[in-house]
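The values are calculated or read from the model by the stated rules, or taken from the named source; none is laboratory data. As the structure is a prediction and not an experimental result, all values here were calculated from the model. All Cβ positions, glycine included, derive from the backbone under ideal geometry; neighbour counts span all protein chains shown. Note: accessible area is taken over every heavy atom of the protein model, side chains too, but ligands, DNA and RNA are not part of it. Shrake-Rupley method; radii C 1.70, N 1.55, O 1.52, S 1.80 Å.
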Amino acid sequence: MIEQRPGDLDTRIARHAALLFGSWVGIYDRDGRLIAGSGEPPDDGYRSDDGRAALRMSMEIGGRPVEIEVGQASIADEASARLARVIMELVVRQSTLLDALPDGRQLKDALILELLNGTARDEEELRREAEIVGIDCTPPRAVILVDAADYLAIVPGEDVERSARRRASRVKHVVGVIVQYFKLPSDAICGYIGEGEVAVLKASTAQDLARWLDDDRDVGDPSWTRLSALKRACAGLLDRLRRETGCVINIAVGRYHPGIHGLARSYSDARAALSLGRSVHGGNRVHCLDELGIAAFMGPSDTRTKAELAAHLLSPLRDERELMETLDAFFAESCNMTATANRLSIHRNTLGYRLDKIASLTGLDPRRFDDAVQMRLATVLRSI
């Protein structure tokens, strides 16, 4: 196994080239040691002394002599080999120039912002560009919004240049805390998107979230299952950031949605949760749509999101036909216990038992006004 630091120039060059060639790419130092690759080295004999198993090219990266190896999969003849060398030289030159740019961080942030706001660009094109700026789009990711506006606020009367330097330093500190908390830079890709907010593209497979998964509770729709784990992860992150900054921090969590274009939907979830959560619950909280009560149905304009939220809230009753019929009858009788019992031809105590079970399964008690309104909205959305 080679030791790589995600985001290193050599690693970015190898990964970008691998996307273009459709084959494994490795970079070796002058002593023949593998120093970077597009993944784990293949075991099927790519490297051989006569060159038939792979194409090898001597080049320089940042003034360092290296040997770059491209798997045979896409190199068919001598003309192809010459073309491959030209392509490889362009990749090295482009990546080296980008690495030297003082605003490379801004380019990365700009692409993150484009992904969050939604784009009509082709997914493969986005993946290639993301690879160039050091964003690994391979793992599924969900969006976490960190609102550190208090910590990043401009000091009134402070010199503009000094204020900009101070903010840049503090943004770097916040990002550093986040990356350290999640252990690996590639696990949590961060970008400053303005207004005191840092967006985190959090890797969200079961393995990535293993520390926060609850086997007893995390069942059902994967997007909501992962959301539960993400909320637990963010609770710990909130504590860490509050200790490190000494300021008010808000964190909002978006659900995982498939594909690179799914980041925009996840961001929409997080954006709505942050906006509503700060108004409803105040600061120093982890905000999420499924914990905002009635406000979650009133805030987002996306009907699809509301319908999915309704299905999630009622999912514990999916296989409880008797309880769903009881809930529908309870609302049909305007939450009147006696009228509902008569309508169902059951004893009032039996009705109370069923409502207790509904509350236990869903966490929402239809006898409480706010919970009843939320559940009623959910049943209406479910029916349409």
query = Dividing the alpha-carbon Rg of the stretch 312-375 by 2.2 N^0.38 Å yields what?
reply = 1.00
task = Return the distance in nm (one decimal) between the two label points of a simple spin-label model at Ala168 and Met324, each offset 7 Å from Cα along Cα→Cβ.
result = 5.7
key: Cα lying deepest toward the dipole's positive end in the stretch 225-358, options Leu309, Cys247, Ala233, charges on Cβ   = Cys247
task = Set the Förster distance to 25 Å, then compute FRET efficiency between Arg64 and Leu19 from the Cβ-Cβ distance, nearest 0.05.
result = 0.65
Listed residues Ser345, Ser163, Ser58 arranged by accessible area, highest first, probe 1.4 Å = Ser345, Ser58, Ser163
query = Taking 0.36 nm per residue of separation and subtracting the Cα-Cα distance, what length does fully extending Phe369 through Ala153 add?
reply = 73.8 nm
ask   = Per the Kirkwood formula on distinct C-alpha pairs, the Rh of the stretch 229-384 is how many angstrom?
value = 17.2
query = With the contact rule set at Cα under 8 Å and sequence spacing of 6 or more, what percent relative contact order holds for the stretch 283-384?
reply = 33
request  = Using only protein heavy atoms and a 1.4 Å probe, report how much of Lys183 is accessible, in Å² to the nearest 10.
outcome  = 140
remark   = Largest-first ranking of Val175, Val25 by accessible area, probe 1.4 Å, whole protein assembly kept, is Val175, Val25
The stretch 151-171 versus the stretch 314-363: alpha-carbon centroid distance in Å = 56
request  = Run through all the Cα pairs of the stretch 105-167 and give the fraction in each 5 Å bin from 0, expressed as whole percent.
outcome  = 3, 13, 19, 20, 12, 11, 11, 7, 3, 0
query = With θ set to phi - 60° and the Karplus curve 6.51 cos²θ - 1.76 cosθ + 1.60, what are the ³J(HN,Hα) couplings of the stretch 23-38 in order, to the nearest whole Hz, using x for Gly and Pro?
reply = 8, 5, 10, x, 10, 10, 7, 5, 8, x, 7, 6, 10, 7, x, 7
remark   = Per 10 angstrom bin, beginning at 0 and ending with the bin that holds the maximum distance, the Cα pairs of the stretch 104-258 fall in percents of 10, 38, 34, 15, 3, 0
inquiry  = Give me the one-decimal Kirkwood hydrodynamic radius in Å for the stretch 155-213, with the sum taken over alpha-carbon pairs.
reply    = 13.1
